[in-house]
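Q: Questions regarding the structure given below will be posed in turn.
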Amino acid sequence: MFTGVYAVGLREMRALAEPPRPPELTIEVVSHMWWWEARYPDTGFETANEIHVPVGEPVSLRLWTADVIHSFWVPRLAPNLLPDRVNEMCLLADETGTFRGQCAESCGIQHANMAFRIVAEPREQFEAWLAQQSRPARSPRPSSPPEAAASLRPPPAPAATPSSGPAPRVTWDRT
Ligand SMILES: [Cu+2]
């Protein structure tokens, strides 16, 4: 289930109703207590707490949570990751750089350490990174999409509403 499609320019930090063109790349982001798993379905590997994207290209992010509610915090856009729900957003990095992000939903004792970064780099560099990541042996996937695992979980906690909540506590900045 999609709760919305957005485009976010990291420099302008605008949420757009529609991406400028259909994303060619999809990245799955799964939140865990207390880390972020990024999967690149086209290549079959995953990373932890680091998401690489090609600069200037819309990238489709599919987000869901493996356990409790987390929030993948993006300026002016904080979709909570609700159990058993997949959120989709389109991310467009309009300049190269490393951008910090953070879970914005208090999710337990290690919540404060649940940071991630997005590395936006030129296409050639991105592809070199992809090739390098694809080389080592892959480990079994620790979780499955909510459709497959829904029956194993307790009912979700009441949903927080991002629009009426407090101002985001963490800002994105270059590191
Ligand atoms: Cu958290």
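Q: Give the order of I27, I109 when sorted by the count of other beta carbons within 10 angstrom, beginning with the fewest. Mind dumping the intermediate values first?
A: On the way: I27 22, I109 8.
Sorted ascending by nearby Cβ count, the order is I109, I27.
Q: Can you tell me the length gained on complete extension of the stretch E24 to D94, counting 0.36 nm per residue apart and subtracting the Cα distance?
A: 23.6 nm is the gain from fully extending E24 to D94.
Throughout, read-outs are computed from the coordinates displayed, never taken from laboratory work. Note that the structure is a prediction, hence the values are computed from the model and not measured. Ideal geometry is used to build each Cβ from the backbone, glycine not excepted, and the neighbour counts take in all protein chains shown.
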